[in-house]
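**Q** A single structure is presented below for examination.
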Amino acid sequence: MTNRLTPARLLRGSLIASALLVVAAALLQPTTARLMTAIVGEGARCDGVRIRVSDRDGLVGARLGAPYKYLERREVLDAAFSERRAVPSLALRIAEVAMGRLDVAYGTGNAHDWDLAAADLLVHEAGGRFTVANGEPLRYNRSDPRHPALIAATPGLFEEARRLLDRLAG
């Protein structure tokens, strides 16, 4: 079996995992040299400064990061987001929720463990939620490392945003 955490993947997000739980993570945005880190129980930081998800509690006026294929869908337009943005890197899109720059981030299926684990811990330690579309937590280190559609969001709008993702991904 080959090691799934290659040097190229370390640039996208590094992690230290114990069994199925990610316990430490780092995510570097190379274009800005911004470094986001998290340790279980110690919160999330960006360049050493504590980060938190926003306190938004509804989709109307919320900021969405999503793949292009979702952004112009009727369901998304009807939700009245104040901002709809394509962020090509899934890990950075999720991290934008942890930093409070987005309120919701969606991902389509087939992302791999190594693309998600660091951002997963960042969101949770920043006070947000990150799950698969049905609301179940992500499970790592399975025989198939791919995941279905995903959502990261602030707690106050998570369920409403998850129901929207069900319609988009369904």
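The values are calculated or read from the model by the stated rules, or taken from the named source; none is laboratory data. A quick note: this is a predicted structure, and the numbers were derived from the prediction, not measured. Cβ: placed from backbone, ideal geometry, glycine included. Neighbour counts: every protein chain shown.
**Q** Looking only at residues in region 146-163 that are part of a loop (DSSP other than H, G, I, E, B) and closer than 27 Å to residue 52 by Cβ, which one is modelled with the highest pLDDT?
**A** To start, the set of residues in region 146-163 that are part of a loop (DSSP other than H, G, I, E, B) comprises 148-149, 154.
Now drop any that are not closer than 27 Å to residue 52 by Cβ, which leaves 149, 154.
Details: 149: 95, 154: 98.
Result: 154.
**Q** Of everything in region 97-136, what is buried (at least 24 other Cβ atoms within 10 Å of the Cβ) and part of a loop (DSSP other than H, G, I, E, B)? Give them in sequence order.
**A** 102, 103, 126, 128
**Q** Of the conditions (1) in a loop (DSSP other than H, G, I, E, B); (2) closer than 21 Å to residue 163 by Cα; (3) modelled with pLDDT under 95; (4) not aromatic (Phe, Trp, Tyr), residue 143 clears all except one; give me its number.
**A** The single condition residue 143 does not satisfy is (2).
Residue by residue, here is whether (1) buried (at least 21 other Cβ atoms within 10 Å of the Cβ); (2) closer than 16 Å to residue 165 by Cβ; (3) under 14 Å from the mean Cα position of the chain (by Cα); (4) in contact (Cβ under 8 Å) with a residue 12 or more places away in the chain holds:
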site	(1), (2), (3), (4)
26	no, no, yes, yes
53	yes, no, yes, yes
75	no, yes, no, yes
88	no, no, yes, no
